[in-house]
């Protein structure tokens, strides 16, 4: 697998700045987001705790001492719930400070630590440099989940294309995908279960459907199913 650490750090910087800019405009911590059951305060607290968790994986890659992302799922959930009760300004500062801390630590992944193996919260083995890609996904997806004026089509086009292909590939591999042909503007067609009726739209619109089940803006003549939860 290609080590994209340096390029991904640059992309992470851009997407983190965009998220932090949006955070300064948020005023209602109790407003619903695209993550079912999570309001703005909960979602942003999760983003901050994710940065802490991924810092643990970075340190594991650097020194070889195993550090789980989270001590337990129960502790993770409790910390998010507790943190979400804070004033929005404090939550915003937490998102900013933890993002900067992760960025500082992740610079080490451009070296030998980027090839070290660690395990994600679900036990999946990954190389150290992939932790940066995990953080980009977290930042971009949850920025979209805030349901403001930021969309997937504003993210890096190459990243959107790669992420859409990944989502389609994993859905197709599950064995129960509908027979559809996805036609993203400017990209090659992608098929589910060998292809079928066309679903057309921008890459960002298609990614929003594949990742979150929202089909706004898509053009098709069939009723679209609900995709499986994003892995």
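The values are calculated or read from the model by the stated rules, or taken from the named source; none is laboratory data. Just so it is clear, the model here is predicted, and its values are computed rather than measured. Quick reminder, even Gly has a Cβ in these numbers, built from the backbone with ideal geometry, and neighbours come from all protein chains shown.
Tabulated data
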quantity: Hits in region 101-144 - residues which are under 18 Å from residue 14 (Cβ atoms) and either out of contact with any helix residue (DSSP H, G or I) (no Cβ under 8 Å at 6 or more places or on another chain) or free of Cβ contacts under 8 Å to residues at least 24 places away in the same chain (or both); calculated: 104
quantity: Some residue of region 172-187 being under 29 Å from residue 52 (Cβ atoms) and part of a helix (DSSP H, G or I); calculated: no
quantity: Within region 110-120, considering residues that are touching a strand residue (DSSP E or B) at 6+ places or on another chain (Cβ under 9 Å) and in a helix (DSSP H, G or I), the one surrounded by the most Cβ atoms within 10 Å (Cβ to Cβ); calculated: 114
quantity: Some residue of region 28-36 being under 16 Å from the mean Cα position of the chain (by Cα), free of Cβ contacts under 8 Å to residues at least 24 places away in the same chain and assigned to a loop (DSSP other than H, G, I, E, B); calculated: yes
quantity: Selection count where residues are under 13 Å from the mean Cα position of the chain (by Cα) and crowded, with 17+ Cβ neighbours inside 10 Å, scope region 157-169; calculated: 5
quantity: Residue within region 145-154 that is outside any strand (DSSP E or B), within 23 Å of residue 124 (Cβ to Cβ), assigned by TED's automatic domain parsing to the domain that holds residue 57 and touching a helix residue (DSSP H, G or I) at 6+ places or on another chain (Cβ under 8 Å) present; calculated: yes
quantity: Failed criterion for residue 76 (all others in (1) free of Cβ contacts under 8 Å to residues at least 60 places away in the same chain; (2) more than 19 Å from the chain's Cα centre (by Cα); (3) over 26 Å from residue 7 (Cα atoms) hold); calculated: (2)
quantity: Options 99, 93: the member that is surrounded by fewer than 20 Cβ atoms within 10 Å (Cβ to Cβ), assigned to a helix (DSSP H, G or I) and modelled with pLDDT of 95 or more; calculated: 93
quantity: Filter result for residue 131 (assigned to a helix (DSSP H, G or I), assigned by TED's automatic domain parsing to the domain that holds residue 55, touching a strand residue (DSSP E or B) at 6+ places or on another chain (Cβ under 9 Å) and within 29 Å of residue 57 (Cβ to Cβ)); calculated: yes
quantity: Residue list for region 182-213, filter: in contact with a helix residue (DSSP H, G or I) (Cβ under 8 Å, 6 or more places away or on another chain), surrounded by fewer than 16 Cβ atoms within 10 Å (Cβ to Cβ) and within 16 Å of residue 160 (Cα to Cα); calculated: 185, 186
quantity: Within region 36-59, considering residues that are over 30 Å from residue 112 (Cα atoms) and surrounded by fewer than 18 Cβ atoms within 10 Å (Cβ to Cβ), the one modelled with the highest pLDDT; calculated: 39
quantity: Residue match in region 70-79 (condition: assigned to a helix (DSSP H, G or I), within 21 Å of residue 26 (Cβ to Cβ) and modelled with pLDDT of 95 or more); calculated: yes
